[in-house]
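This report refers to the structure that appears directly beneath it.
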Amino acid sequence: MFDSLFTRYPLFRYIPTFLCLAILFRTSAIPGTGMTWLVPPYDKLMHGFAYMMVGISLCLWFKNNTWDTHKFRTALIVIFCVVLCGVADEFHQSFVPGRTVSAADLCADLVGGILASGFYLAIKPWKRFRFFK
């Protein structure tokens, strides 16, 4: 279903990622005083979940035959890109009052990227069903 859409309109592959990143960077711009409701360990869970969504949207960048022929390499590229987005987000947060740079946030981003790649690899064999074609 999505592959025919992406073949016809190739730029549609990138829209979910840019939407996710725009939401994340906008959320990162909120000062620390506006984020008092987000306390540990829930902040790490939110980081992991948010970057898992970024990772799943990055998985869409690659065509099915790329996933079929180079699973491990493609998963590593997705994980690397997720971590790179996390580094950019932490750098952005360093300029926001009341927000700090955290290695634990980067670890949560890494876990989110790993989960996204694993999840995508787990559903790829099911592409024979109409929904995943």
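Can you give the direction-averaged projected area of the convex hull of the alpha-carbon atoms in the chain, in nm²?
Numbers: hull surface 33.3 nm².
With every direction weighted equally, the projected area is 8.3 nm².
How high is the FRET efficiency from D43 to A22, r the C-beta distance, R0 25 Å, rounded to 0.05?
On the way: r = 20 Å, r/R0 = 0.80.
My answer for the efficiency is 0.80.
Show me, for segment 32-41, the HN-Hα J-couplings you get by feeding each phi into the Karplus relation (A = 6.51, B = -1.76, C = 1.60, θ = phi - 60°), rounded to Hz, glycine and proline as x.
The phi angles translate into x, 5, x, 10, 5, 6, 9, 10, x, x Hz.
Compute the relative contact order of the chain as a whole-number percentage, counting only Cα pairs closer than 8 Å that sit 6 or more residues apart in sequence. Intermediate values should be presented prior to the final figure.
Details: 133 pairs, mean separation 48.1, N = 133.
Answer for the chain is 36 percent.
Output wanted: per-residue J couplings in Hz (rounded whole) for segment 61-77, from phi through Karplus 6.51 cos²θ - 1.76 cosθ + 1.60, θ = phi - 60°, x for Gly and Pro.
Whole-Hz 3J(HN,Hα) from phi for segment 61-77: 5, 9, 6, 4, 5, 5, 5, 6, 8, 10, 4, 5, 5, 5, 4, 5, 5.
Determine the calculated [θ] at 222 nm for the chain from helices alone, applying -39500 (n - 2.57) to every DSSP H run no shorter than 4 residues and normalising by the residue count; nearest 500 deg cm²/dmol.
Values: 6 runs with 89 residues, N = 133.
Helix contribution divided over all residues of the chain: -22000 deg cm²/dmol.
FYI, it's all coordinate maths here, none of it is from the lab. Everything numeric here is computed off the predicted structure, so don't read it as measured data. Here the Cβ is made from the backbone with ideal geometry for all residues, glycine too, and neighbour counts use every protein chain on show.
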